[in-house]
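One structure is given here, and the rest of the page talks about it.
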Amino acid sequence: MPASPHHRPDDTTAGPAVPWLALGVLLAGLGTVLLGPILPAISLRWHLTDQQTGPLFFAKFLGSFIGGISVPRKLRWGILSGTILACLGFSAFGLATGLATGSLTLFIAGIGLGQIIASTNILAGRRYTHQTGSALSSLNFFFSLGAVLTGLIVAALEPRFGLRNLLFYIAAAFLATSLGGRLGWIKPTVTGTLDPEPLALDPGAQPHRLPRPIFLRFATLLFLYGGLETCLAGWLTTYTVRYSDDRLVGGQSAIVLLLIALTAGRALSSVALRFFREATIQRLGLVLSFLFIAGLSTAHHAAALSLWSILLGLSLAPFFPATFALLMHRNPTAREAGFILAVSGLGAAAFPWLMGIVSTHTGSLREAMAVPATLALLLLAVSFIHSEVTPS
């Protein structure tokens, strides 16, 4: 049915076609977890302790926060500027010579990543107003795929080409995506859909400000989850090198398995979210995540560590798409949704740093696994707060 003159399609849903959105999100996934796989090489080159690596995580994810809260109303411009900033930041990081310059360049890259992630997820949430959780899970499959490829790319290419050249290649990929996405923009039609994609827009639904308790609840959930996922992605390579009896692929095996499971889990979640309540899947995943982190913290052998990594990736997979779908059902403004997404960057900045501090002061990265385990329990508790006013 054509849109009425009083409810014309919102041009904020215009932007890159789905293939370019998927590629941009894939690169954002790669850029988000990149520091973890290269951290042992960076620490060795710059002679950093676990605690001293904290500013690198903090700078990148503080940048992500700034990028998320600065999402423009016309989301396509956020995607374009984000890919360009990511290109500049990662290429400059390749030229960094120490902690100060490395932190500054990662801050710039983080702003770009924050813009890409927030703008793309909000854009998808507005385009797909039916089965939003399934649509977001499908999109974030590519984010997880990019994260999976990161460990493989680092393990395969860094020894051959060097870290600096690898970072230049990644920066070039962001630049190519920014140009391709700009050339591939599509715009709303008078039917309320985007041609040529079969999207389900509701032109009568207008964004509005969220009630403060709901806003704070979702912000807390994303803040804690950003810390949980990044603690694992950021430290699992180092954990493997220290505690596993296997040095397969330079210690990248566990993080690769975790991210492969996370990717497969996002694909499975896309199907599951068509049939089950988003809140139910969210909470079940958190319970399992806590149990699997406890198992991971006791692993001594490669086989056990690999198994726990796979199970953990599967359990974490549905949280973000389910939670963000619950948020988008409330039709928040772009600025609110961007801020809520952005605070996940603050969690991702703070908690891996805290994990490094705990590791340094206890002398055990194994004991520092208490940080992500606690985060899983806190997320489960917060998921029940104001549950009676959360759409399912």
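Kindly indicate whether any position in segment 278-285 is part of a helix (DSSP H, G or I), touching a Phe, Trp or Tyr at 6+ places or on another chain (Cβ under 7 Å) and either surrounded by fewer than 21 Cβ atoms within 10 Å (Cβ to Cβ) or at pLDDT below 80 (or both). No, because not a single residue in segment 278-285 is part of a helix (DSSP H, G or I), touching a Phe, Trp or Tyr at 6+ places or on another chain (Cβ under 7 Å) and either surrounded by fewer than 21 Cβ atoms within 10 Å (Cβ to Cβ) or at pLDDT below 80 (or both). Out of 255, 310, one residue alone is open to solvent by 60 Å² or more (accessible area, probe 1.4 Å), in a helix (DSSP H, G or I) and in contact (Cβ under 8 Å) with a residue 40 or more places away in the chain. It is 310.
Pick from segment 359-373 the residues that are over 9 Å from residue 50 (Cβ atoms) and not in a loop (DSSP other than H, G, I, E, B): which of them is nearest to the chain's Cα centre (by Cα)? Explain how you work it out, then say what you get.
In the first step, residues of segment 359-373 are kept if they are over 9 Å from residue 50 (Cβ atoms); the result is 361-364, 366-367, 369-373.
Still in the list and also not in a loop (DSSP other than H, G, I, E, B): 361-362, 367, 369-373.
On the way: 361: 29, 362: 29, 367: 25, 369: 20, 370: 22, 371: 19, 372: 16, 373: 19 Å.
Selected residue: 372.
Filter segment 374-392 down to the residues that are assigned to a helix (DSSP H, G or I), modelled with pLDDT of 85 or more and open to solvent by 10 Å² or more (accessible area, probe 1.4 Å) and list them by number. Answer for segment 374-392, where residues must be assigned to a helix (DSSP H, G or I), modelled with pLDDT of 85 or more and open to solvent by 10 Å² or more (accessible area, probe 1.4 Å): 374, 377, 378, 380, 381, 382.
For segment 286-307, a residue qualifies if it is buried (at least 18 other Cβ atoms within 10 Å of the Cβ), in a helix (DSSP H, G or I) and free of Cβ contacts under 8 Å to residues at least 60 places away in the same chain, and the qualifying residues are 292, 306. Taking the criterion of being surrounded by 19 or more Cβ atoms within 10 Å (Cβ to Cβ) and either outside any helix (DSSP H, G or I) or free of Cβ contacts under 8 Å to residues at least 60 places away in the same chain (or both), the residues of segment 38-58 that qualify are 48, 50, 56.
Here is a check on your reading of the model: is residue 15 crowded, with 17+ Cβ neighbours inside 10 Å, within 20 Å of the chain's Cα centre (by Cα), at pLDDT below 85 and closer than 20 Å to residue 146 by Cβ? Even if it seems obvious, please write down each step before you answer.
Working: crowded, with 17+ Cβ neighbours inside 10 Å: yes; within 20 Å of the chain's Cα centre (by Cα): no; at pLDDT below 85: yes; closer than 20 Å to residue 146 by Cβ: yes.
No, not satisfied.
For segment 155-182, a residue qualifies if it is open to solvent by less than 60 Å² (accessible area, probe 1.4 Å) and among the hydroxyl-bearing types (Ser, Thr, Tyr), and the qualifying residues are 177, 178.
Whether a residue is surrounded by fewer than 24 Cβ atoms within 10 Å (Cβ to Cβ) and closer than 19 Å to residue 137 by Cβ was assessed, and residue 270 passes this test. Being open to solvent by 10 Å² or more (accessible area, probe 1.4 Å), hydroxyl-bearing (Ser, Thr, Tyr), within 24 Å of residue 299 (Cα to Cα) and touching a residue at least 40 places away in the same chain (Cβ under 8 Å) is the filter here; which residues of segment 326-373 pass it? Matches in segment 326-373: 360 only.
Applying the selection to segment 101-126, what residues are hydroxyl-bearing (Ser, Thr, Tyr), over 12 Å from the mean Cα position of the chain (by Cα) and open to solvent by less than 10 Å² (accessible area, probe 1.4 Å)? First the steps, then the outcome.
Quick first cut of segment 101-126, residues hydroxyl-bearing (Ser, Thr, Tyr) only: 101, 103, 105, 119-120.
Narrowing further to those that are over 12 Å from the mean Cα position of the chain (by Cα): 101, 103, 105, 119.
If the condition is that a residue be hydroxyl-bearing (Ser, Thr, Tyr), over 12 Å from the mean Cα position of the chain (by Cα) and open to solvent by less than 10 Å² (accessible area, probe 1.4 Å), then 119 is the only one that fits.
The selection criterion, being open to solvent by 10 Å² or more (accessible area, probe 1.4 Å), touching a strand residue (DSSP E or B) at 6+ places or on another chain (Cβ under 9 Å), modelled with pLDDT of 85 or more and not small (Gly, Ala, Ser), holds for residue 79. Only a single item in (1) open to solvent by less than 30 Å² (accessible area, probe 1.4 Å); (2) of a type in the set (S, T, N, Q); (3) modelled with pLDDT under 85 is not met by residue 129, and it is number (1).
Just to be sure before I move on: is residue 168 in contact with a helix residue (DSSP H, G or I) (Cβ under 7 Å, 6 or more places away or on another chain), at pLDDT 85 or above and closer than 21 Å to residue 321 by Cβ in the structure I sent? No.
Residues checked against (1) touching a Phe, Trp or Tyr at 6+ places or on another chain (Cβ under 8 Å); (2) at pLDDT below 85; (3) assigned to a helix (DSSP H, G or I):
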position	(1), (2), (3)
36	yes, yes, yes
60	yes, no, yes
73	no, yes, no
117	yes, no, yes
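For residue 145, the test of being buried (at least 20 other Cβ atoms within 10 Å of the Cβ) and touching a helix residue (DSSP H, G or I) at 6+ places or on another chain (Cβ under 6 Å) is passed.
The values are calculated or read from the model by the stated rules, or taken from the named source; none is laboratory data. What you see is a predicted model; the values in this text were computed from it and never measured. Cβ: placed from backbone, ideal geometry, glycine included. Neighbour counts: every protein chain shown. Heads up: the accessible areas ignore ligands, DNA and RNA and are worked out on the full protein's heavy atoms, side chains in. Shrake-Rupley method; radii C 1.70, N 1.55, O 1.52, S 1.80 Å.
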